[in-house]
Amino acid sequence: MLSILADRTYRHLFLAQVVALLGTGLSTVALGLLAYDLAGDGAAMVLGTVFTVKMVAYVAIAPVAGAFADRVNRRRLLVALDLVRAGVAVTLPFVSEVWQVYVLIFLLQSASAAFTPTFQATIPDVLPEEERYTRALSLSRLAYDLENIISPTLAALLLAVMAYNTLFLGTALGFVGSALLVVSVLLPSPKPSAPRGVYERTTRGIRIYLATPRLRGLFALNLAVASAGAMVLVNSVVLVRGDLGLTNSDLAWTLFAFGAGSMLAALILPHLLDTMRDRPVMIAGASLMVLALLGLSGVIALSGLTWQALLGAWFLVGIGYSSTQTPSGRLLRRSAHAEDRPAVFAAQFALSHACWLMTYPLSGWLLTQFGALVALLSLAALSALGIAACLRLWPEEAVGQVEHSHADLPPDHPHLREHGPQGHRHAIIIDDLHRQWPTQG
C-alpha cells in the first residue's frame with residue numbers, strides 16, 4: 001500500500017490531507033465541548049444544528065463547484081480554499097453565542113464543499129491505474145481515520161494542559177499546512193468538457209450519478225452510513241458526558257474507538273478488494289453497522305449503558321463505516337470520463353451529505369426527546385432501509401460489459417467503428433452517447 005507514496009505528487013497530496021484532517025479532528029472535539037459549554041444538556045441539539053448547517057453548505061455548494069472545477073487551475077483553487085478555511089478556524093475561539101457558531105461553520109464548510117470533491121477528483125488523474133488508485137483510497141480512508149484516532153488522542157493530551165478553544169488554532173495550522181503542500185506540486189488538469197450551459201454543467205454530475213445503477217446503490221448506502229455515523233458523531237458527547245458522567249478526555253477516547261475500527265478495516269480492504277467485488281464488501285459493512293447499533297440497544301435494554309459497551313459498539317460501527325465508504329471512489333472512477341469526474345465526485349459529495357442533512361438533526365432530536373434506546377433502534381432501522389434499497393437499485397448483474405445498440409447513430413460513427421456495429425458490448429459510462437443505462441441486451 002505504501003509503495004504509491006513513491007509518487008511525489010500523490011505523496012504531497014496525501015500529506016496535505018493528513019495535516020488538514022489532523023486539524024479538523026481537533027475541531028470536532030472542540031466543537032462538541034463548545035456546544036456543551038453554550039447549551040449544557042441541549043448540546044446534542046446544538047451539534048445536530050451545527051452539522052445540519054454543514055450539510056446545507058455541502059449540498060448547495062458542491063454541485064456548483066464541481067460544475068466549474070475543470071475550468072480553473074486546480075492548484076490555485078485548492079490553496080485558496082485552504083486559506084479561507086484557516087481564516088475561519090482562527091475566529092472560532094472567540095465566539096460567545098450559538099448563532100455565531102452557525103455562521104462560521106457555514107463559511108468554513110462552504111469552502112470545504114468546493115475543496116473536497118475537487119481534491120478527490122484529482123487523485124484518479126494522478127494515479128490512473130485502478131490497483132494503485134485502490135491503495136490510494138485505503139490510504140485516504142486511513143487519513144480520514146486520523147480525525148477519529150490521532151486527533152482525539154492529541155486532543156485528550158492537550159485538554160489536560162490548555163482550554164479546548166485552543167484546539168481551533170490547531171485546525172487553522174492544519175489548513176495552512178495543507179495549502180503549503182498543495183502549492184509544492186503541479187497537478188494534472190484534464191481537458192475541459194464541451195461547452196455547456198450553466199444548468200447543464202451544474203446538473204450533469206447528478207444526472208450521470210442517478211442514471212448509473214451502481215451509483216444509485218451507493219446513494220442508498222450513503223443513507224445507511226449517515227444513519228449510523230450520525231449516532232456516533234452527534235450523540236457521543238451526551239452519552240459520555242451526560243448519561244455516563246465521564247470526562248472530556250473520555251469523550252476523545254470514545255471517538256478513538258470508532259476511528260480504530262475504521263482504520264482496521266482500511267488496512268484490510270486493499271487485499272480484500274483484490275479478490276472480491278465492491279458490492280458484497282460494502283453491503284456487509286453496512287450490515288455490520290446495523291448489528292452494532294442493535295447490539296448496543298440490547299445492552300441498554302437489559303442492563304443499562306456502560307462505557308465498555310459503547311466503546312465496543314463504536315469500534316464495530318467504525319469497521320462497517322470504512323468498509324462501506326472506502327470502495328465508493330472506485331465506483332465513481334468507473335462511472336465517469338475524466339472530464340466529468342469533478343462533477344460526479346461533487347454529486348456524490350452533495351447527495352451523500354443530503355443524507356447526513358436528514359440524519360444529523362434526526363439523531364439529536366431522537367436522543368433529546370426519547371433517549372438512547374429509541375435513537376439507536378430508529379437509526380438502525382433507517383440504516384437497514386438503506387441496505388434494502390441498495391439491494392434493489394444495484395442488482396448484481398449491473399456490472400461489467402453490457403450489450404446495447406445505438407439506433408440514433410449512423411453506421412460510420414466513430415463509436416460504432418471502435419466497438420463494433422449495433423448490438424455491441426462494452427462497459428457503460430453515462431455520457432452524451434449513453435444517456436440512459438441499457439436495460440436489455
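Read-outs throughout are calculated quantities, based only on the coordinates presented, and are distinct from any laboratory measurement. Being a predicted model, the structure only gives us computed values, none of them experimental. Don't worry about glycine lacking a Cβ; one is built from the backbone with ideal geometry, like all the others, and counts go over all protein chains shown.
Structure data summary
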{"item": "Segments 349-359, 157-167, 5-15, 313-323 sorted - mean Cβ within 10 Å per residue, highest first", "result": "313-323, 349-359, 5-15, 157-167"}
{"item": "Estimated vicinal HN-Hα couplings, Hz - the range 355-370 in sequence order (Karplus 6.51, -1.76, 1.60; Gly, Pro = x)", "result": "5, 4, 4, 7, 7, 4, x, 4, 4, x, 5, 4, 5, 5, 8, 10"}
{"item": "Local electrostatic count at Leu5 - Lys and Arg +1, Asp and Glu -1, tallied over other residues with Cβ under 12 Å", "result": "+3"}
{"item": "³J(HN,Hα), Karplus 6.51/-1.76/1.60, whole Hz, each residue of the range 266-277, x for Gly, Pro", "result": "4, 5, 7, 4, x, 6, 5, 6, 5, 10, 10, 6"}
{"item": "Ranked Ser303, Ser328, Ser178, criterion: other C-beta atoms within 10 Å, fewest first", "result": "Ser303, Ser328, Ser178"}
{"item": "In Hz, Karplus ³J(HN,Hα) per residue of the range 169-174 (6.51, -1.76, 1.60; θ = phi - 60°; x = Gly, Pro)", "result": "5, x, 4, 4, 4, x"}
{"item": "Cβ crowding within 10 Å averaged over residues, with 75-88, 268-281 ranked highest first", "result": "75-88, 268-281"}
